[in-house]
Every structure is written in structure tokens, then in C-alpha cells.
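In what follows, a structure is listed as C-alpha cells, so that the remarks can point back to it.
Just so it is clear, none of the values below were taken in a lab; they were calculated from the coordinates. In this text the structure is predicted, and so the values were computed from the model without any measurement. Cβ: placed from backbone, ideal geometry, glycine included. Neighbour counts: every protein chain shown.
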Amino acid sequence: MITIEDFQKVEIRAGKILSAERVTETDKLLKLSVDLGEEMPRQIISGIAAHFPDPMTLVGLTCAFAANLEPRTIRGLESQGMILAASNTEGAFSLLILKDVPPGTKVK
């Protein structure tokens, strides 16, 4: 269990996916360019490629992202956040898709 104070440290924001492409020489990774309502889009590296055979289907979606994670290098690419998703042991998978909110909106 964590405290509410611990949970409040995570900054979850709406982000519009501007582009999505496979990371070469991997089966699991996608490179996303995401508008989080900031001056420049962020690069997010995510292990969701198996769920999106055509990464272009992600372009234009507004999803929930953890925006205040420390950047991490994955396969030589800097990831500046994390897309949020849900899955279960039976293989069901879903992104947390947001409607009618602009990029950068805080999720509460």
C-alpha cells in the first residue's frame, strides 16, 4: 500500500499521439511523439508494439501519460514519460483513452 501523498507525486496528463513507429530490431517497442501541452513534443518509448500491428492507428489518440518520470534510455532512445494501459492474464489490453480534453490536461 502507498499513501495518498505518494500517489499524488505521479503527474498524469492527457497526451495526443502525433506519430508512432516501430523501434528497429525490436518486436515490442514503439517510439511515440506525444503532445503533452508543452512547447515541444516528448518522445515516449513503449513496449506496446504487439498490440498495435499498425502503429499508425495510434496517431491522433489522446491517452493518459505519466509525465513526471525521470527520463530513461531504452535501446539507445530517451523515453520522457510512460503511456498508461491496462491488461490482464487472458491477453486483454487497453490504453487509457481520453475524450474531449486538450493535451496537457491533468488527470485527477
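For this structure, a couple of remarks:
- Near Leu29, once Lys and Arg are set to +1 and Asp and Glu to -1 for all other residues with Cβ below 14 Å from its Cβ, the sum equals +1.
- Test item: Cα-centred dipole of the chain, Lys/Arg +1 and Asp/Glu -1 on Cβ, debye: 80 debye
- Rg over Rh for the chain works out to 0.96, using Cα positions for both radii and the Kirkwood form for Rh.
- Each Cα pair under 8 Å and six or more residues apart adds its sequence gap; the mean of these over the residue count of region 4-95 is a relative contact order of 27 percent.
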